[in-house]
Every structure is written in C-alpha cells, then in structure tokens.
Amino acid sequence: MGGDELDQFINEMLDAKQISGLTDEVRAQLVSDLKQRLLDQINKALIDALPEDKMDEFEQLLDNESAGDAEMQQFIANAGVDVKKVATVTMLRFYDLYVTAGNSTPRSEES
Amino acid sequence: MSETVSHPPAADTEPTRLHFVSVDQSYDAHQAARDAANERLLQELNEGGRFKRLVKSVWKGGALREYYQHKYTREAQANIEASGDIHLYEGFDGQSERAKWATIDRFLHENDQVIHQEAGESRERIGEDSELSREIKNLIRRNVEGHLSDDAMQEEKARLLNAYHEQRGEQAFNRGVVQVDNMVEIAEAVKGAVAHGESLDEVLRNMNISTGESRAGVRTQARYNKVEKIADKLSRSRIGSLVGPEVVATATTLAASILRYGSHSVVGAATKTIAPGIAAGAWAGLRENKRMKDERALHAREMAQGKEITAGSKRREKIEQTRYETLAATDLTNMLRQHFGEDTSFDSQDAYEAAMTALSSVETRIRLSDQRDIDLVSYSDAGAIEEERFALDLARAEAKTIAESRLTADMRQQLGLDEHISVQDLIDQRSDAFIASIETEMSQKDRLFNKIKRHEVAKAAAKGALIGLAFGAITQEGMAALSDSREGLIEQAWGAHDHPYNGEMHQTLLHGLVHGSGGEHHAASAVYGNHAFGEHGSVSFSNDQSVVQNPDGSLNLVGHDGNTLAHLSTNPDGTLTQESLNQLHGSGVTVENLSHTVNLAPTQETHQGTLHEFMQQHQGDTTKVSRDYWYDNNTPKFDKNELGIWWGGHDNNGITANGDYQFNIAHMTAGGSTHDGHSVAWQEAARQGHLKMAISASENTQKNVFMLDVNPDGTVTIPKDSPAAQFFSEHGGQASFDGKYAEIVQTSNPDASGVTHIRPLATEVGSGTAQTGHYPITETVQHTEFRPEYKFTSPGYEGPSTFTEMAPVIPLVPRQALEVARRVEKPGYYYGYSSNPERLRQFREQECSPRLNRDPHARLNPRRELDWHRDQLRQKVGADYLARIDQAVADAPELDNLRPDTKAIVTIPVAAAYESDNIYRTLASYANQDGELDRTTVLLHVNWFDSAASDPAKAANIQKTRDEIERARRDFPQLSIATMFEQWEEAKKQRGEYGEGIIGHVARQMYDAAMMSVQKAMREGRMDNNREVMLIRNDSDAQGIRRSYLRSMINTFDAHPENDVFTGAIRWGTERHSDLPGFAFVSNFREVMHIATKRRGVHVWPPTVGINTAVRMSTFAAVNGVGYDPVRTGIGTDDYNIGGRIKDARQFDIWRVRALRRFRNLRSNSGEIPAMRNQYGYPIDTTREDYSYHRHVSGADIDTAPDRLEKTYLAGVPITRAWDNWGNELRNEGLHRGAAEDLRNNPGEVVSRVEADMSAAFAERYHDRAHVRAGLAAVLPTTISGKPAYTITRTSGGIAFKFTPEGRDWFVNRLQRDSRGRYDPIGRRVRRKLYNETGGGRKTPIAPRPLMV
C-alpha cells in the first residue's frame, strides 16, 4: 500500500534522526515496523475523523467478512473524510514525534 | 443476598426453582481500569510543587500523556482481571461485595427493564439441554453430594467457563476476563432443598441458568472509546489499510514538501521552521480539542460516580458549567416511591399526572443515558452504582406495575384515558417533553462547552506554536553545541569552531538570523599573490584565487572554491597564449599585461684587435702630442743623450722583478741634450715632472703617445698591465720594444687645442712590429631582458555556501492538568480499609518503616521501630509536637520512670467534661484485675475544650473528673496511673483547624506519649531494647471489665508473637438487657459478627474498636501509629486506624492473593502456583488469605456503656448507624433512660425492631455471605422443626430479614427462657453469668467470684 513512498518517507525520517550503526537488516526491519505503525496511526486517525453517525455503519462493514480494503477505503472517502489531509497530518505528526520529540519510537497514537 | 439463597420451603409446597446466573463484566472492567488510570494520572499531575507540576505537565501530561494513560490502564486492567473485582480501585471490601451482589440480583430479576439493553447489557437464558447447562448442574450436583468441595467447585466452574469462552469467544461471555456468579449460594440452596425432602434431580431440573453482560458503571463515554474499539478491531481484521496507494503517494509528497529540512537561506529555513511551528500549534490545538472532550467526559463520569470538585479546581469548575444536569438515583427512587407508595393513589387528576410525570421523567433519563452514553443520573459512590441503579430500576418497574393496577377501567374513565392505552404509551407520551427539555439543556451546555473549547484550543494553538518554536530553537542550539559540524549562536560564546558538513557549513536558525545566510558576493581581494613562471615570467593574482603550476610548467588559476578557472599556457617568449587569455576572460578575470624589457648591467668583453682599434680604445690613455723639436745636440746623427735610453730592470734585461717593463735613462747627462740653444737637464726636468717617455706604437700613431713618467732615478717603468705594455714583449728574458718609438720627451702644458708639445731628448726605436700586431680590445657590451608579466584580478566570489538548518519544532506545551476530584468518603470507608493498590502503595512507601515496607511479614525490633517512629514524628509532624510529647512524658512520673518490666500500657481518652461519673469505675475495674498490675501502666489523656472550662457546670465536671482520678490513685495504689492533660480551643475547632474531629488528636498524643515513654526507657537503658510492650486502647466508660482481662491479653500477646492486633469481646450495657431484650439480641449479634470475622472462609476485615483493642507496640510504631493526617482526625482515626493501618502494612498483597486464587482457578489443570513477588522483589506469602495479624482474645471482655446504641435502637434506627451522628451530639444526648420493652405483652415491637435492625445490618454492613452464615448460626437456629427460622430477601429498598412464624415464636421464647425452657430472661441470664447477679430469681449455680469487675 504505497509502499515505495512510505519506505522513502520512513527512510528520510531515519536519516533525519541520524541513527547510526544500524545494519542493513536491522534498518530494513525498522523501516518495516515504523511503516506499519504509521499505517496503523493513519487508520486510527481516519476512524477518528469519521462522522459520529457513520461509526456504527463502519463497524458493521468491518464485521462483514466479504468487505475488503477497497470497500473500506470507499466508505471512508464517501463518509466525507478528507483522507489526504488526515493522512498527511498524521504523517507529519508521526515524523514530528519520531524525529524531534526525542523518542526512540513513536508512542502509541491517541485517537 | 437474594431470594434464591433463602432457605427453601418445605417439600410440600411449591418446588424450589433456583436460578444460576453468570454475568460477564469485561466491559465494566475496562471502564474501571480507564477510570483508575485517569485518576492515578491526575493525582500524579497534581502532586508536587509548581515547577515539578510544570515539568510533569509537559511530559507526563503532554507529550507522553497517552503513553502513561495506556500504561496505567493496562496495569489497572491487569489488576482488576487478576482480582476479579471491577471495584478494586473504587470501592472497598464491603462495597465490592455489595456491588457484586447487586449485579447478580439485577440479572436474576424477572423484570427485563432492569437489564439496560440500550446501554449494551444483555441476558440470555441457557437452554436446559445445552452443554454448559449440563456441566454447571453437574458441578452443583457433585457439590451437593459431597464429592466436590466449595473451593473445588469454584475451580471447576472457572475452568468450565474458561473453556466455554475459549470455544465460543465473545459470542459466549464477551471477553470473559471478569465474571461474577452465584454458584456457591445456589449450591447451598440446593442442599437446603434436598435437606427438606426435595429430589436433587428435580431441583436441578427446575434450575434456570442465565448468562449476561453488564454495564455496571456510569454512562458517559468519550467518543474515543468507540474509535479505539474499531481501531482495535481493524488491527485484528484482515483489512490492511484505509488509504489507497494514490493517497499515500500524495500525502507523502505533501509531507515531504513540508519536511525539507533546511535551506541555503535563513529566510527559507525560518519559513520552513515556522510552517511546522504553525503545524505544531495546530496539533497542540487539536490535542487540546481532544483533551477538552476527554476531560468533559471524565468529569461527567466522576461527578456521576459521586465525586466532588475540590475547592479551587478552576478547570473543573469551568467544565462543570457544561455538565449535563444529573439527578441522584436515590432521589429518583424516592420520588417514585412518593408517587407510587402504598399511601398514594390516582384519585385525582393532579395525583395521576404527578405520578406519571415522575415516572416518565425517570424513564426518560434512564433511556437517554443508556442510548447516548451520557449521564443524566448520578450515584453516591462508584461502588454504590449497581445497588442504587438496581433500586431505581426496581422502583421504576414497580411503579409501572402499580400504575397498571391502578388504571382500572373506572379510573381510566375518571381520568379521561383511552381504555386501551398502555402505561408505557402514557409514559412515552410524556417523554417527548422531557426529551425536548433535556436536549435543550444539553444543547445549551454543548454550545457553552464549544465556546470554552474554542477559546482553550486557540490558546493552546498559539502556545503550541510559540513554545514549539522556542523549544525547537533552543534544542537546536544545544545540539549545535555538541556538534562540530553545525554552527550555533550560543556556542560562539566560547568560540566554538565548526567545520563543513558534506562540503557546506551548517548553521542553526538562530545563528543564521544573526549572521545571515552566508553566500554573499565578496569583491576581489585587494591583496595579490605572485607566482613566477617560465624564465622570467610572473603573475600576480587576487588572493581569493590561487595559481598552481602543473608538472608541464603550465599554470592553473584556481578559484576561491578550489575550482580551476583557467588553464594557462605560454608562447615561446613567455607570454600567455591567446587561449589562456580567452579562458581568463571567460572566468571573469581581468588580465593586465605588464610584460616589459629590462636593461641588464653591461659586461666587459675582450678580443684581439688591430693596433688601430687598440689605439682607439685607449684613446683616453694616450696623449696627443706635437713635437716641437728634438734635442739633437744640433747634430744630424744620434749621439750623446740621444742614445741614452737603456733597458732597465735586472741586468738591463728591461724587466723588473714585478714583471713590468723598464727603461733607464740614468746614463743621460745633464747637458747632453740641447737644440738651438735650448737645453734640458733630464734630471731636473724629471724632478719637475716635465720629462716623460712617450711611446708611439707605430709611425702612424706617433701623435698619440702613451706618456710615462720618468722617475728621478732615470727609470721609466711600463706597468705590465698598462696599455703601453702591449708594445713590449719578452724574448729569452730580455725585453723587447715592439712599438715604433720610445721617446724621452720634455713636456709642456697642453696648448689650447689640447695638444701637448713635446721635445724628445732621446728615442728608442722599436721593432715596429706593433703595427701589425693584435691587441686585446676590451669593450663594454650592453644587455636587455624581456619579462612576461601579468596581473589577474578576480571577479570576486560568492561567499561559502551556508546551509541554514530549520529548527526542529518540538510541540511540548505545558498544560494544567484537570484537578483531582474528591472521592466523598463515607463512614463505611473505615470498614475493611483500603484495597486500592495505588493507595496501599503510597501508604506503604510514605508511612511505613523501611523494614515493614520491604517485607510485610517482618518481625520487628521494638527499639529500632520506636526510634524510627520518633524520627518520623520529628520530621513529619514537627519538633514542636515531639517536644510536647516528651514534656508530657516528663510530666507524668509513671511514664518518665516507666517500669523496666512493663508489659502493657492501657491508654484511655477521657473527655473530662463528660466522664466524671465513669472514670473512677473504670479505673477500679483495672485495679481489681487478677494479676499483671505490676507490669501495667494506665495512661489517661484528660482533655476538654476551653468552652467547657468556661461553662460552670462543665467546669465542675472537669474538676470532678480530675478529682476522681486522684481518688483512684489514692484508693488503688497498686495501679500505676499516668495522666496527660490538654485543653482544646473552641475557636480553632470552629475554624476547622482541628480537622474533622478531636479524637484523632487525642489518640495520637496518647499513643505517641506511650510509645515515647517506652522508647525513653530503652534509650536510657532502663528497658531491654527487645522488650515487646502491648499498647491497649480502651474507653473511660467501661461498665465492667473481665477480671482476667490484663492477664488474658498479656498471655495471648506473649504466646503469639506472630500477631500484631488483639481484640476482646465487647458487651453493650448488659445492665440494660433486662429492660431491652431486643437490644440485648442485636447488640450481641453485632459482637458475634465481629468475632465471626475470624471464622474460616470469612474474608471480612476485623475492625479495631476503641473500646477493646490492643496492638504490638513495635508494629504500631512501624506504621507510625495512627498516622499524622492533620485533617482526618475524626471518627475511626483513633481506633479503626490501628487495625486498618496494620492490615494495609501486613496484608499489602491481599489483592494479589485474590488474584492468585483466581489464577489458580483458571490454571488448576497444571496445579502449579507461580511464585509471586511484590514490587520490591520480596516473595509474597500466598498462603495468607485471611487477616492473620489479628487475634481475638477470649477472656478479655469489656462491658461498655451502651448509650449510643441504646438510643439508636430505641429510635428505630439500626444500631449500625449509631455513630452516624458522631461528633455532632453527645453519646447520651436524646437517650430516654429507663425505657423498657414489654416483651410479654408486646412482643411484636421487639421482633419488628430486631428485624429492622438485622435487615439494615445485612443491607449496609455485612455482605460476606460466609460471614453472615457464621454469625446467624451463632445466634439463631436455621430451622425450627424442619421449617426455616427466617428469610432474607432483597427488596427495592434493600434487604429484608424476617422471622418465619416458627422462628418468631422461638425467638421471643428464647429471649424469655433458657435453653431448657425455664423462665430466665436474657438480661438476667447475662448479668448472672457476668456479675453473679441472681436478682432473686431461680437458684442457679454461680461462680465463686463474678467474671466481671
């Protein structure tokens, strides 16, 4: 899911963090972990941005075994959520927390 | 205690129908964990000084808030799950039990309205044929048949439900992490039914089994709960991402464009810093937005849980304005009872309307709360929610039933109602108005909240931006100071030097703002360097450039940045080629061609030339002459002097020793030279300088001669280096003259034309070969040199490329935390003390000795703990207080010189204005003890208020009390009586300076004086440091004390070093038992219940009552006595605090033990119990599941004044509430002495009082069923002739204890007769047994001496 761009984003983030002494293997794992966390946070932010009256519907969709990523994404977009904005803001916040706040790993995102 | 566990009817009545219910509380557990985490976080954020709070607000309350919130929630969740108690952090032992049973009872109730489905609750009846049903019934069957103990059944049940949950997941019991059920009670009831003849199979077949899921807490939920839930579900689903690849790509591009990390211009870097800075502000705003919502929800929850706003809580007060109005559940319940009570009816339109409106308003509030996750109903306490909610639900259901029954056809007609309309429709009709009203209020509150929120969000955004930027800039400077590749502004203060990073100088934003971007144009340097090239070439160049010579001799002009600007090659003459010049021009270099030719110094060159050339060259050396005449002596032939020129030198060889040529004319005579009358004497002429030798090189040059001096001795020397010497040669050692003429001439001064006229005297004619000879010709040769020279002037250069790094934006915004809400502590707080792990941790860390803290089971050294307590008093209460205690000890000789063998100090508070009639009697009771008086000291804390001292009557009492003490001293010299006195100030009390009461202060002073007297005796070496002393706490109004009291106490104390607390039985005013047999029963039951806390299987904290409590002094010192809280000084702090604090210190891990039990239940397959350690790493004694630090001492009874209990009892109020008005009225205020019950003629009054008292006791105080069973078994039979003696049922108003007719008869009879049926009223029996009072009645054997004195 947008892997190349996100990989690049995470890598730039690691560069900015000036983490040294990582083997390629470890760095790759780190990128993978951080990417997953970032995606989780974007997901959470999107759910948070859902209008109140769409929550239950979304949950039902989630419970629907036949609904896949595309349906979910479509639902979020149709619910009036500015997906790009939410994703961008989440990425910036993720970056900010990781690079500038001095944490070694981003904390769990609040919703 | 539900109807399902009441003793079943006899077999000939309706078959027993039991109902097992298991309620899942996983959801409630999570909510409770969140609440506990929030409370803990708020407490921590509000602790400490201003700076500490500020720092915490930045980290713990800011950036890391969510982390801590999740961490604390996880911890609390783990504890709650382990303990199986959702009220672990809220209630206390008793409360948790009550809440648990309220939940079970609610789910047992037939009325579905008590199940709040709209709030998420559910209840499901399990089919009789289901596997779960069969398994549960099988467990009960095995228990009833004796094959499975209660504990084993519980374990089997836990394993069964666990397996069931694992098999069916949330479809079964939600998450199944916390569940409550009534299995043990059901099994008990089945046993009862079987005992009364029912078939076990029948009872089990008729048994219903239900499962359910509760929502036990308050309703308000922050919306994030739902988000979290969905996000959690999402993470566990197969769904990968909610954003597609194109969104990710766009978002990444956008993010990357914002996150350019710096710029080559300061303005650029600043701009890029400000952008995230503004973003940081925006995030801070967003965060504030969320926090405000969180805090509003949290505040609403806490207020609904009965908490209160602490004074000065500004943030709370602001949010409180936006809280939806809540009505107390108890008020709503009462309101319904008022309208639907037995004495009400719908006999008027107004009454009907009022009742239905009340019912509708309650219904609306409950439903809106459930539907919308808000709280419109509040409760008195978190632990009381279930009970109060259940009571309200029942009242609501009853009201509907009553309304239905009242709305008969006639009534409907009378009220103008449709005959078919249902009660629910009538309620709903009115609901709309209530909904509209509530929604209007909510809307207004929401608007106000939004307004406040906008303001706070804007403030937070601005603060976030500014602080984010400031923090970021400062952080960047700090990083620069540590880095040698980043120029910072601050590091310049100590002259830090940095070097480029990746070819560029990096600077911080602040550095850039002060010093600019760098990279500006620098003019060509005015200083030139030089470089030589070729043979004579040179180039000068601006110092911002350099010239480098290549190996081939060509040059490179190198720019400021090290780049080659031009490659320079030269023409053969050394000038730059045109190509070179073109390159220079192309690089902007100005070239000045300064090439030039220079004259070199001339050189002398000699070559062989002709005579003519020689003569020309030596023209200056010759003299132009003209021969006037010859001194020929006027003869034509040479003779005489004309021949006088001879060779000089050695042997006239013509060569001197120096190699010069030489002639000699000394042979000439003085008069030998004449001509026409002229004569010349050569000697004279030579002396005068007029005689010379003129040498002519040839005939042609004889007018230009080389003139040589003739020395006075006649010699003429031709220096070998002189030009004239060129005309001589040597041949065989003989000089030879090669010129033409060598003439001795007389000279005169040159004429006007410069010609010297000469007159030869003699002539030597040479060979004349000089004419053709070759002569050295020396010429001066002039030289020149061409010098290529250029001047390069650079075009200047751009300054070094400087990269200004954008400052990191650190969005750390200090934020004032929401203040801690105050939990309203009720008297029940003291019962069982705290089971809140966080409070326990604080207590242990802050108030217990290190030894006890490290090891809760430690045996303590008396001296060491007393010393520690003394230090604690000094540090935490103050040196003044300690000095007062020391003075009190010094003023009491009995304490100051405490006997070394002292074993007990009996401490008694004496309210001097009220105890004048009691104190002597009490002291007399001690004076008449059987033994141990020599090892006992009684310490009296005699105190009064100044207001009493100024009241004549009370002042007299005070004096009388003091006099009575002195009388006792005189009368009982065997009794060591120490006293300390204190007068309290009424004004201080009114100002609240004494806190919640005086008794706490009295007790502390008294206990500390006792402990410090022992410490002093040890310190002074009068007492062994290891000596254990017992501190006994009694009251001053004892009616009688067991004669063996001290002996029993001390013996038990010595025999049981493992125990810290010792209590004896309390008898309540036995002399009143004859008149008040009902009171005799209930007061006795109270004490029985106290003693029953020590029964096996009972998990109830045994309280320590001031009337009769003793404590091991070493342990008491190690818990700092009763503490030093300046506010909590009221009821219970003097006595309950003794056992409570020791329980908390000794049984620190009681919740862990519970957790262990639960864990063991779940893991019983393996049978392994994991080792458990406390937070300090010490192993936990998992075998201690009871309050084993406490021991009941038999033979240590005290009969005390019953005033409080008696007046409470007579007022129809349960005696458990006897202390509710403590502090506001005297203990005997309002007591009608002499009141009596007429048991014979009015037994119903006695029975009603007892039933009411027992009901209240079960509802309000006694919640542990094993405890209740044990207590009841001690005072009442379970059955009378096979029929139950009593029933205990839950009602909408609480719990109802009722005697059955059989039980009632038995009870009344037993109050009047002994066990053999003989008339012997209870009061008389007791008095005879304790005091040997026969009262003139039957002759019954009595003890030689009364037990009590």
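Things worth noting here:
- Number of positions in the range B:925-946 that are more than 17 Å from residue B:978 (Cβ to Cβ) and either modelled with pLDDT of 95 or more or under 55 Å from the mean Cα position of the chain (by Cα) (or both): 3
- Test result for residue A:37, modelled with pLDDT under 80, under 12 Å from the mean Cα position of the chain (by Cα), more than 8 Å from every other protein chain (Cβ to nearest Cβ) and surrounded by fewer than 21 Cβ atoms within 10 Å (Cβ to Cβ): yes
- If the condition is being at pLDDT below 95 and within 16 Å of residue B:1020 (Cα to Cα), then the range B:868-880 contributes no residue at all.
- Hits in the range B:913-969 (condition: among the basic types (Lys, Arg) and within 30 Å of residue B:1345 (Cβ to Cβ)): B:921, B:935, B:967, B:969
- Close pairs (6 angstrom Cβ cut-off, 6 or more residues apart or separate chains): at the interface with chain B (Cβ under 7 Å from one of its Cβ atoms) and outside any helix (DSSP H, G or I) in the range A:80-102, at pLDDT below 85 and surrounded by fewer than 21 Cβ atoms within 10 Å (Cβ to Cβ) anywhere: A:101/B:63
- A residue that is of a type in the set (S, T, N, Q), more than 26 Å from residue B:401 (Cα to Cα) and in contact with a strand residue (DSSP E or B) (Cβ under 7 Å, 6 or more places away or on another chain) occurs somewhere in the range B:130-137.
- Among residues of the range B:1205-1217, those that are more than 15 Å from residue B:1085 (Cα to Cα) and either touching a Leu at 6+ places or on another chain (Cβ under 7 Å) or aromatic (Phe, Trp, Tyr) (or both), counted: 1
- Residue within the range B:93-106 that is touching a strand residue (DSSP E or B) at 6+ places or on another chain (Cβ under 9 Å), of a type in the set (Val, Ile, Thr), surrounded by 19 or more Cβ atoms within 10 Å (Cβ to Cβ) and at pLDDT 80 or above present: yes
- Hey, residue B:1234 assigned to a loop (DSSP other than H, G, I, E, B), modelled with pLDDT of 85 or more and at positive phi or not: no
- Number of the exception - residue A:30 against (1) among the hydrophobic types (A, V, I, L, M, F, W, C); (2) under 25 Å from residue B:250 (Cα atoms); (3) facing another protein chain (nearest Cβ under 10 Å): (3)
- 2 or more residues surrounded by 19 or more Cβ atoms within 10 Å (Cβ to Cβ): qualifying strands (runs of 3 or more DSSP E) within the range B:565-684: B:622-627, B:661-664
- Qualifying residue in the range B:321-342 (condition: among the aliphatic types (A, V, I, L, M) and more than 29 Å from residue B:98 (Cα to Cα)): no
- Any chance residue B:978 is under 22 Å from residue B:1030 (Cα atoms) and touching a residue at least 12 places away in the same chain (Cβ under 8 Å): yes
Per-residue answers, yes or no, for (1) at pLDDT 95 or above; (2) under 30 Å from residue B:981 (Cα atoms):
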| position | (1), (2) |
| --- | --- |
| B:849 | no, yes |
| B:856 | no, no |
| B:862 | yes, yes |
| B:866 | yes, yes |
| B:888 | yes, yes |
| B:897 | no, yes |
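- When the range A:49-69 is filtered for residues that are more than 8 Å from chain B (Cβ to nearest Cβ), assigned to a helix (DSSP H, G or I) and not charged (D, E, K, R), the ones remaining, listed by number, are A:49, A:60, A:61.
- Restricting the range B:868-902 to residues that are basic (Lys, Arg) and assigned to a helix (DSSP H, G or I), the residue that is farthest from residue B:1008 (Cα to Cα): B:876
- At least 2 residues being under 18 Å from residue B:417 (Cα atoms) and hydroxyl-bearing (Ser, Thr, Tyr) is the threshold, and among the helices (runs of 4 or more DSSP H) wholly inside the range B:327-407 those reaching it are B:349-372, B:385-406.
- Considering the range B:164-280, the qualifying helices (runs of 4 or more DSSP H), each wholly inside and each with 1 or more residues that are away from chain A (no Cβ under 14 Å) and at pLDDT below 65, run over B:170-173.
The values are calculated or read from the model by the stated rules, or taken from the named source; none is laboratory data. The shown structure was predicted, so the numbers you read here are calculated from the model rather than taken from an experiment. Counting neighbours? That spans all protein chains shown, and the Cβs are built from the backbone with ideal geometry, glycine included.
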